[in-house]
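Reading through the structure tokens given below for one structure.
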Amino acid sequence: MKLTFSLVFLHILMISLWASAFPVIQIGLESFSPQHLAFVRLSIASVVLLVIAIATRMRLPDIKDIPLLLALGFLGFTVYHTALNIGEKTVSAGIASLLVSTTPIFSSLLAIFLFQEEFGKRKWIGSAVSFAGVALLTFSKENFVHSVNGILLILLAALAESIYIVCQKNLLKKYGFLSFVTYSIWGATISMLVFLPGLETEFAHISVRSAISVIYLGLFPTVIPYMVLAYLTSRIGSAEAAISLYLTPVLSFFLAWLLLKDIPSAASIVGSIITLCGVLLTHSKRRVVVKKQSSQYKDNVYVLVNSLRCYVFYLYILFRTYFNFFFLQFN
């Protein structure tokens, strides 16, 4: 499929917001436990999606689909966010982003074996180049902190996320990207109610930095990228939709420097360039067979893009105001 402006915009939006999550998670962990941070993040997203669901008169899911929706929500949100948060207690933001970038590899393998999706030689080569660049980018740090348990937990998060990406295809066709993501996040939030005890104690001692961080995580990286990913999966397949996530560690490294004073080395810059080259190689001369889209389906991209632009612009102004005041004042 030809890369249109809309598809490029959605890829950039998804990558940028997810990249920002890794350093911001570490700020949130200053006041919250990993489980409570994930619960509060998903709760904020659930409230936002509830407002959207009421405004759009979203239909309820069929009873027969609820078990699968709960299972996918548990894997794609509960397991992913909880395991990632616990892992980032001992793993730096850069390394965490590298480990999560294995998601496209898991997604590609699952898509090939389960749905016979095409993933040609050029894409495998591009993936290998990108992963090599990400490895150089992340492990170039001399004093990075990591642990075996943390690495394994983040790899578990990547595997859970890949299952969520690959197995959402039929439900996406039935409910659409907005409804499907909403059901998934609601289901994940319900499953995390077991972590509710003790949350009031952490709220009593929360710092301003952590409060802003968890609000940002709930509004930005949780709601928007998953909708974009679901839409891209329905348009170009799960393997293609996930491949651009190799760019996430590049931006995560920069944001870690900006928010956590983590200065990148020369090797990190070289790794960024290699990663970009790999992604460009992956997306060049793509030959993907795509079924003809209905006119109603084509209209969805314009609705999505225009809605996201308004939503992102509004939240950007709001967040930037608090960011300039609190993050710059308290550092």
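Descriptive notes on the structure:
- Among the residues of segment 58-83, the one identified as open to solvent by 80 Å² or more (accessible area, probe 1.4 Å), part of a helix (DSSP H, G or I) and charged (D, E, K, R) is K64.
- For segment 161-176, the tally of residues that are farther than 17 Å from F22 by Cα and within 16 Å of the chain's Cα centre (by Cα) stands at 6.
- Some residue of segment 91-99 being closer than 17 Å to I190 by Cα, part of a helix (DSSP H, G or I) and within 15 Å of the chain's Cα centre (by Cα): no
- Long-range neighbours under 9 Å by Cβ, at least six apart or interchain, first residue among the polar types (S, T, N, Q) within segment 60-79, second assigned to a helix (DSSP H, G or I) and surrounded by 15 or more Cβ atoms within 10 Å (Cβ to Cβ): T78/A38; T78/L42; T78/A160; T78/G187; T78/A188; T78/T189; T78/S191; T78/M192
- Residue pairs meeting the criteria (Cβ under 9 Å; at least 6 apart or on separate chains; first more than 14 Å from S162 (Cβ to Cβ) and at pLDDT 80 or above, in segment 221-244; second crowded, with 24+ Cβ neighbours inside 10 Å and acidic (D, E)): L232/E240
- The residues of segment 177-209 that are among the hydrophobic types (A, V, I, L, M, F, W, C), part of a helix (DSSP H, G or I) and surrounded by fewer than 16 Cβ atoms within 10 Å (Cβ to Cβ), listed by number, are I190, L193, V194, F203, A204, V208.
- From the list S31, S43, S6, S107, the one residue that fits, being hydroxyl-bearing (S, T, Y), more than 19 Å from Y231 (Cβ to Cβ) and not in a loop (DSSP other than H, G, I, E, B), is S43.
- Count - residues of segment 153-176 that are in a loop (DSSP other than H, G, I, E, B) and hydrophobic (A, V, I, L, M, F, W, C): 1
- A55 vs. criteria in a helix (DSSP H, G or I), farther than 30 Å from F254 by Cα and open to solvent by 50 Å² or more (accessible area, probe 1.4 Å): yes
- Residue match in segment 195-202 (condition: modelled with pLDDT of 90 or more, over 15 Å from the mean Cα position of the chain (by Cα) and closer than 18 Å to A83 by Cβ): yes
- Among the numbered conditions (1) at pLDDT 90 or above; (2) under 22 Å from P221 (Cβ atoms); (3) under 20 Å from the mean Cα position of the chain (by Cα), the only one that A71 does not meet is (2).
The values are calculated or read from the model by the stated rules, or taken from the named source; none is laboratory data. Bear in mind that the values here come from a model prediction, so they are computed numbers and not experimental data. Note: ideal-geometry Cβ built from the backbone for every residue, glycine included; neighbour counts use all protein chains shown. Each accessible area value is taken on the protein alone, full model and side chains, heavy atoms only, with ligands, DNA and RNA left out. Shrake-Rupley method; radii C 1.70, N 1.55, O 1.52, S 1.80 Å.
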